[in-house]
Amino acid sequence: MPADPPPEPPPRHKRRPRYSGKHPRRFEEKYKEHDPDRHPDTVAKVLASGKTPAGTHRPIMVAEILAALDPKPGDIAVDCTLGHGGHAREILAGIQPAGLLIGIDADPLELPRTGARLRAAGFGPETFVTCRSNFAGLAQVLAMHGVAGADVLIADLGVSSMQLDDPARGFSVKLDGPLDMRMNPLRGQSAAALLEKIRPATLAAMLDENADEPHAAMLAPILAGRRFEGTSALNAAIRASLSMLKEDDLALTVRRVFQALRIAVNDEFSALDSLLRRLPDCLKPGGRAAILTFHSGEDRRVKKAFESGVRSRCYAEINAGVIRPQAAEVHSNPRASSAKLRWAKRAE
């Protein structure tokens with residue numbers, strides 16, 4: 001009989017790639033920050049420095065949102081922008097026992113990760129469900145789950161740190177990446193495609209409407225109709241066009257242009273307008289909604305809708321003035337600096 005073949009040698013342990021320097025700089029190389037359970041000391045150091053660990057998100061104005069919503073055991077809650085799940089986790093704790101939270105998010109990459117994270121925290125399907133959708137379809141999501149209205153609802157309109165910090169998503173100028181900016185990368189056109197097709201007059205109006213950009217008329221004919229391969233190329237073109245500005249003003253303009261493109265690519269204002277129109281009918285009598293905004297275009301829409309709702313008696317109460325984060329939070333998390341919170345209570 002032929003001899004048995006020799007056993008295969010055990011697989012060799014594969015070392016992780018070595019990175020230059022003590023602290024990796026690239027998003028995908030920050031393996032310790034991506035695994036906070038195994039490296040809590042590293043994550044604690046990043047947080048103490050006022051930064052957000054890679055692949056995570058720090059929820060903003062949690063105490064203020066909980067005070068505005070006042071979640072109670074047995075409540076039905078909706079998080080219209082689930083993101084990393086920070087707000088949802090706190091609300092879930094407040095609506096137990098017998099409460100239900102529906103987490104909505106359009107991002108097909110982050111939604112399953114957050115769902116798994118909250119499941120691991122002990123929130124089962126009888127307590128927490130997710131739905132991949134834009135919050136413009138809030139009414140349809142509630143109907144799909146057999147819910148007539150919510151007791152508490154939160155919508156955080158900011159871009160999550162997981163999206164901002166990952167260069168592959170194309171939201172930020174920090175590191176070069178594809179000029180994409182889609183919340184759902186499986187749908188719609190990228191920012192690069194939009195710029196390549198848009199006319200100068202349309203782009204100028206977009207920069208003004210979406211970001212209050214004072215140099216919109218000068219930038220539009222230079223940027224419209226061009227193909228930019230990545231975020232760095234667009235950043236360089238903006239800076240070359242406005243080289244007479246000081247660095248601080250240049251940096252602000254770059255951020256405003258990126259903001260305007262992101263809003264347009266994701267049709268954010270139309271989605272927000274749709275949410276605000278349908279919001280009163282999606283709340284139970286006495287139900288509360290809190291909306292966190294990060295720039296004037298969003299805040300104006302929320303303020304006007306809430307004030308109109310009071311006049312029409314859809315809302316019994318709204319906050320008297322805009323609520324801003326405490327100085328201590330802004331110091332520890334600079335991304336909170338532009339946040340504004342408004343809330344409304346549905347009429348009984």
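The values are calculated or read from the model by the stated rules, or taken from the named source; none is laboratory data. Note that the structure is a prediction, hence the values are computed from the model and not measured. Backbone-built Cβ (ideal geometry, glycine too); neighbour counts: all protein chains shown.
Restricting the range 229-249 to residues that are hydrophobic (A, V, I, L, M, F, W, C) and at pLDDT 95 or above, the residue that is farthest from Pro178 (Cα to Cα) is Leu242.
Just checking, does the range 115-132 include any residue being in a helix (DSSP H, G or I) and aromatic (Phe, Trp, Tyr)? So far as the range 115-132 goes, no, none of its residues is in a helix (DSSP H, G or I) and aromatic (Phe, Trp, Tyr). Let me confirm something: among Leu261, Leu275, which residue is of a type outside the set (Gly, Ala, Ser) and touching a strand residue (DSSP E or B) at 6+ places or on another chain (Cβ under 7 Å)? When all the criteria are applied, what remains is Leu275.
Candidates are the residues of the range 168-197 that are at pLDDT below 90 and not in a loop (DSSP other than H, G, I, E, B); the one that is surrounded by the most Cβ atoms within 10 Å (Cβ to Cβ) is Arg169.
How many of the residues making up the range 275-295 are out of contact with any Leu (no Cβ under 8 Å at 6 or more places or on another chain), of a type outside the set (Asp, Glu) and modelled with pLDDT of 95 or more?
Of the range 275-295, the ones out of contact with any Leu (no Cβ under 8 Å at 6 or more places or on another chain) are 276-277, 280-281, 284-286, 295.
Among the residues that remain, those that are also of a type outside the set (Asp, Glu) are: 276-277, 280, 284-286, 295.
When the remaining residues are screened for being modelled with pLDDT of 95 or more, the result is 276-277, 280, 284-286.
Number of matching residues: 6.
On inspection, Ser172 qualifies as among the polar types (S, T, N, Q) and under 23 Å from Ser338 (Cβ atoms).
Any residue at all in the range 64-73 that is among the β-branched types (Val, Ile, Thr), in contact with a Leu (Cβ under 9 Å, 6 or more places away or on another chain) and over 20 Å from Lys345 (Cβ atoms)? Within the range 64-73, none of the residues are among the β-branched types (Val, Ile, Thr), in contact with a Leu (Cβ under 9 Å, 6 or more places away or on another chain) and over 20 Å from Lys345 (Cβ atoms). The number of residues in the range 126-175 being touching an Asp or Glu at 6+ places or on another chain (Cβ under 6 Å), more than 20 Å from Gly85 (Cβ to Cβ) and assigned by TED's automatic domain parsing to the domain that holds Ile76 comes to 0.
Looking only at the range 282-304, filter to residues that are part of a helix (DSSP H, G or I) and touching a residue at least 60 places away in the same chain (Cβ under 8 Å); which one of those is surrounded by the most Cβ atoms within 10 Å (Cβ to Cβ)?
Taking the range 282-304 and keeping what is part of a helix (DSSP H, G or I), we get 282, 296-304.
Add one more test, that the residue is touching a residue at least 60 places away in the same chain (Cβ under 8 Å), and what stays is 282, 296-298.
Working: Cys282: 22, Ser296: 13, Gly297: 18, Glu298: 20.
That would be Cys282.
The condition of being small (Gly, Ala, Ser), out of contact with any Pro (no Cβ under 6 Å at 6 or more places or on another chain) and at pLDDT below 95 holds for only one of Gly85, Gly103, Gly74, that being Gly85. Sub-6 Å Cβ pairs linking a first residue in the range 140-154 that is under 13 Å from Val78 (Cα atoms) to a second residue that is of a type in the set (S, T, N, Q), at least 6 apart or interchain, are Val141/Ser133, ordered by first then second residue. For the range 61-78, taking the residues that are free of Cβ contacts under 8 Å to residues at least 60 places away in the same chain and part of a helix (DSSP H, G or I), the one that is surrounded by the fewest Cβ atoms within 10 Å (Cβ to Cβ) is identified as Ala63. For the range 33-60, taking the residues that are buried (at least 18 other Cβ atoms within 10 Å of the Cβ) and in a helix (DSSP H, G or I), the one that is modelled with the highest pLDDT is identified as Val46.
Given Asp151, Asp165, which one is at pLDDT below 95 and among the acidic types (Asp, Glu)? Steps first, answer last, please.
Working: Asp151 fails: at pLDDT below 95.
Only one candidate passes the filter, namely Asp165.
A search for C-beta distances below 6 Å between a residue of the range 79-96 that is free of Cβ contacts under 8 Å to residues at least 60 places away in the same chain and any residue that is of a type in the set (Asp, Glu) and part of a loop (DSSP other than H, G, I, E, B), counting only pairs 6+ apart in sequence or on different chains, returns Ile95/Asp75.
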